[in-house]
Amino acid sequence: MAAFLRENSWPGKIEIYDARLSGNITKFSNGDIVFGDLDEVIEQRIIDSAPDIIAISNMFSWQISNAFRMAKIAKKSCSNAIVVIGGPHASSFPEETLKESGIDYVVMGEGEERFYEFLMAINNKEVAIQGVLGKIEDKKLLKPNKKVPISFIKKLDDLPLPAYDMVDVDRYMKLQSNGFSPRPYEWGKRSFTLLTSRGCPHQCVFCSIQATMGYKWRHHSPDNVQKHINLIVEKYGCDFIHFEDDNFTHDPERYDEIINTLIKRKKKIRWDTPNGIRGDTWTLERVKKTKESGCQYLTVAIESGVQNVIDKVVKKRLDLKQVSKLMNYCRRVNLRLNAFYVIGLPGETKEDILKTLDYALTSYKKYNVTPCINLAKALPGTELYENTVNNHLYEGELKFKPNEIITNEFDPQWIAQQYNKFQRNLKIIKIVKFLFSPNFYMLRVVYEKFRVILALNTNYNSAPRKNKKLGTA
Ligand code: B12
Ligand code: SF4
């Protein structure tokens, strides 16, 4: 968004503040832990900047209460400033979000063009903007809009590359090397996240991507991706890329082109797909090239070991036979493969869940496909959320956390038991595998885990709890 404002000669001054960047960890006497700056520091930072507009980004619904707290702090520190919020949660619940004190406007969906239009509208005192919901009725200024269908950026290549120069890249790298990274097991020394496309035409019941990125898959051209990679490699020393697209392989030919440019690089860049890829569209040749281009591992989103659950419960439109082929190809090419599964969805029977866990363990034993089991989470903007709320499939308050769903078949306690049993069995198989064929990869995973635990335990400040419970930031 900052890059977009700058490229379009927005006349204001932009400052980016990431309250986590200090890396301070404060453990309060009541057990709460805060990573990053404490409220007092944030407040002072805002006062020092004296902004006219404060734009808050919130990525995860389960952390939305922290974003609301930030909005209150923002208003308190700078009462004349206009406070705007965006991100996946606000995009799914714009009207509810707007009711929170401290928030003046909600920007739904992608923010680059819309935030620019919004700022220009404020300058020019224009009327309503599609996708912006406002509380302030300042005469002719933006009208409070009802929930409007929002548009998405048509050509991603029209966006400028991110404004890396406006953040302290080295500081992020330093935190990463101390074990604080969004992807805990970093294989590179300077890892960057890249999205080469946005959106996904599939409609898996639990996935909330359409709220911010839409059903239409939009992409950067391979040339643009190469330009982006050149920038982060040449200027910022990137040596590892996490491709975090929602659906990286949606257009296999475009994927091939990106891979080919990676193959041609003189100095190879290592990369992975930690956000998950689809299990179709793979050929042996494509997997070979993927490995050749520097890929360290793929993560495939299988979701269930039961085809009927994939078709009727998850609604993923994925054929397990295609997934088996991918497993086979990866084994032949010796490319590591991880897999995402999800259990605890309404419509699953206990038997389905046990079959999925069994499928996950068997795939690990047979093909070395490392499983990652997710417990269903009813995220705003999803069919799963509607179903969970409309049929009241939970107890108390929904917190957008894993394993809150109750059906006639199972409850969170049963799911947790199966999950724990699965993890124990997995651990045993991992140890046996390691004893029979010790390898560097497994040692590295253990080392990385140890590093994260060590980092968390050596960096604590402690403080008496002053306010009421804050939760983590
Ligand atoms: C990378 C990523 C991660 C990384 C984040 C690393 C980091 N700190 O950067 C990690 C690995 C930590 C992660 C973890 C999880 N993630 Co994640 N993640 C993503 C992913 C793939 C990309 C994020 C991104 O960079 N997007 C690109 C930018 C351009 O998009 P954006 O952030 O949404 O911002 C745009 C708009 O939202 C808007 N906007 C945002 N803020 C603001 C503010 C203002 C003022 C304005 C005007 C506009 C605006 O404009 C931006 C530009 O267009 C997204 C999916 C996606 N495609 O976005 C999921 C996503 C954010 N993750 C999601 C989830 C569910 C999770 C997990 C809970 C998964 C799990 N099972 O554990 C965990 C939670 C971890 C935690 N710590 O709590 C969901 C969140 C949904 C929700 N409502 O909560 C998403 C949307 C994926 C999905 N398919 O539903 N994730
Ligand atoms: S889970 Fe993956 S395939 Fe399904 S809608 Fe989300 S991004 Fe698309």
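What follows draws every value from the coordinates through simple rules; no lab data is involved. Keep in mind it's a predicted model, so treat the numbers as computed, not measured. We place every Cβ from the backbone using ideal geometry, glycine too, and count neighbours over all the protein chains shown.
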Using alpha carbons only, how many angstrom separate the centre of the range 236-309 from the centre of the range 104-131?
35
Here the cysteines of the chain without any disulfide-compatible Cβ partner under 4.7 Å are C78, C200, C238, C295, C330, C372
Residue-ordered couplings for the range 278-294, obtained by feeding phi - 60° into the Karplus form 6.51 cos²θ - 1.76 cosθ + 1.60 and rounding to whole Hz (Gly and Pro as x), are 6, x, 9, 6, 9, 10, 4, 4, 5, 5, 4, 5, 4, 5, 4, 7, x
Filter the cross-link list K189/K316; K155/K401; K75/K99 down to pairs whose alpha-carbon distance in this structure exceeds 26 Å.
K189/K316; K155/K401
The chain: antiparallel DSSP beta bridges as a percent of all, rounded to 5
20
Here the relative contact order (percent) of the range 156-436, from C-alpha pairs under 8 Å and at least 6 apart, is 14
Which values, in whole Å and largest first, are the semi-axes of the equivalent ellipsoid of the chain obtained as the square root of 5 times each eigenvalue of the Cα gyration tensor?
37, 27, 25
Rg/Rh ratio calculated on Cα atoms of the range 346-426 (Kirkwood radius):
1.01
Hey, if you put +1 on the Cβ of every Lys and Arg and -1 on every Asp and Glu Cβ in the chain, which of A71, M108, A163 ends up farthest toward the positive end of that dipole?
A163
Work out, step by step, the length gained on full extension between Y441 and M59: first 0.36 nm times the residue separation, then minus their alpha carbon distance; give nm to one decimal.
134.4 nm
Could you work out how far apart the two model spin labels at Q417 and N178 are, taking each label as a point 7 Å from the Cα in the direction of the beta carbon, and quote it in nm?
4.3
R0 of 41 Å, Cβ-Cβ distance Y17-D319: FRET efficiency to nearest 0.05:
0.30
Between N308 and K365, what is the FRET efficiency for a Förster distance of 22 Å, r being their Cβ-Cβ separation, to the nearest 0.05?
0.40
In range of the label at S221: residues from the range 158-172 whose backbone nitrogen is under 15 Å from the point 7 Å along Cα→Cβ
158-161
Determine ³J(HN,Hα), in whole Hz, for all residues of the range 156-161 in sequence, where each value follows from phi through the Karplus function 6.51 cos²θ - 1.76 cosθ + 1.60 and θ = phi - 60°; x replaces Gly and Pro.
4, 5, 6, 7, x, 5
Report the rotationally averaged projected area of the range 156-436 based on its alpha-carbon convex hull, in square nanometres.
15.9
Hull surface over four for the Cα convex hull of the range 2-134, reported in nm², is 8.5
Among bridges DSSP assigns within the range 156-436, what percent are antiparallel (round to 5)?
10
